[in-house]
Amino acid sequence: MFDIFKKHNVIAAVSERKDGSMKVYADKSEAESVRENRRKFLQGLGVEMGDSVAAYLTHGNSITLVEKEDREKFFDATDGFVTKEKNIFLTVTVSDCLPVFLFDPKAEVIALAHAGWGGLEKSIIPEAIGKMKKLGASPKDILAAIGPGMEKCHYEIGKELAEKFAHIPGSHEERNGKLFLDTKAIAKYQLLEEGISAGNIETSPDCTFREKEKYFSYRRDSYGQPEKLEAMMAVFGMK
Ligand SMILES: [Zn+2]
């Protein structure tokens, strides 16, 4: 789905509405069907569910290092993963928040982060890149992709949130007296600040709110009712 990874032997994907709900917080009545959705989607990518890891997200900045023996685990309180190992597939769920894919093909280090405004404010992207560097990655070699998420066309916010990101150029815009957040611009700014070159960053043009046939959107479909949340799954791993 991203041109930037095409030459490389990686799997990078985000599920769509047609693939069904992928949420990790499924209650008992849905757990079985969600598990089946996740299994089928991964299988379509040529990935065994037993070779993946999943996360219970907190909108924080914790990035967990995973190794082969972690396959099939669900991790509590983490918003992303980093690994140096092949054939372990990192997954996070998203619904308006951005999945951010990071890959250093030279050092063979890969990371996947779930980045909403909370994670971006807590610098989850610098955190992920820092952990990649510890495994030998160099920002100049890192290829980055910012996945689909709610865009500034629909991401209406209050003044307080706009102020949190005011130091970042293009982080929000004002239209008809309303403020809109541009999380993709914020993510890109953080990537550039970490030394990733602009030519190595690809950004999905998709807005999850706008494209209602294609994606679930928390803001559009279940705002204020987290129990009705549906989510897509982002997957990233080296083969
Ligand atoms: Zn939109």
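Here residue 230 clears all of (1) in contact with a strand residue (DSSP E or B) (Cβ under 6 Å, 6 or more places away or on another chain); (2) within 18 Å of residue 94 (Cβ to Cβ); (3) surrounded by 14 or more Cβ atoms within 10 Å (Cβ to Cβ) except the condition numbered (1).
Yes/no per residue for (1) within 19 Å of the chain's Cα centre (by Cα); (2) at pLDDT 95 or above:
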| residue | (1), (2) |
| --- | --- |
| 10 | yes, yes |
| 24 | yes, no |
| 50 | no, yes |
| 54 | yes, yes |
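Scan segment 182-189 and give yes if some residue there is within 11 Å of the ligand (Cβ to nearest atom) and out of contact with any strand residue (DSSP E or B) (no Cβ under 9 Å at 6 or more places or on another chain), otherwise no. The answer is no; no qualifying residue exists. Taking segment 123-239 and the helices (runs of 4 or more DSSP H) fully enclosed by it, the elements with 2 or more residues that are farther than 23 Å from residue 56 by Cα and without any contact (Cβ under 8 Å) to a residue 24 or more places away in the chain are at 124-134, 159-164, 183-193.
When restricted to residues that are charged (D, E, K, R), under 26 Å from residue 110 (Cβ atoms) and in a helix (DSSP H, G or I), segment 18-36 contains 2. Tell me, please, whether a residue that is small (Gly, Ala, Ser) and not in a loop (DSSP other than H, G, I, E, B) can be found in segment 84-107. Looking through segment 84-107, none of the residues is small (Gly, Ala, Ser) and not in a loop (DSSP other than H, G, I, E, B). Of all residues in segment 130-168, those satisfying the criterion of being out of contact with any helix residue (DSSP H, G or I) (no Cβ under 6 Å at 6 or more places or on another chain), more than 22 Å from residue 198 (Cβ to Cβ) and away from the ligand (no atom under 16 Å from the Cβ) are 131, 134, 135, 136, 158, 159, 160, 161, 162, 163, 166.
Selection of segment 52-85 for residues being among the small types (Gly, Ala, Ser) and closer than 20 Å to residue 123 by Cα yields 55, 60, 62, 77, 80.
Matching residues to (1) of a type in the set (A, V, I, L, M); (2) closer than 18 Å to residue 81 by Cβ:
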| residue | (1), (2) |
| --- | --- |
| 13 | yes, yes |
| 35 | no, no |
| 40 | no, no |
| 47 | yes, yes |
| 51 | no, yes |
| 61 | no, yes |
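Would you check if there is a residue in segment 8-22 being of a type outside the set (Val, Ile, Thr), touching a helix residue (DSSP H, G or I) at 6+ places or on another chain (Cβ under 6 Å) and over 20 Å from residue 206 (Cα atoms)? No, every residue in segment 8-22 fails to be of a type outside the set (Val, Ile, Thr), touching a helix residue (DSSP H, G or I) at 6+ places or on another chain (Cβ under 6 Å) and over 20 Å from residue 206 (Cα atoms).
The values are calculated or read from the model by the stated rules, or taken from the named source; none is laboratory data. Remember, it's a predicted structure, so these values are computed and weren't measured experimentally. So basically every Cβ, Gly included, is an ideal-geometry build from the backbone, and we count neighbours across all protein chains shown.
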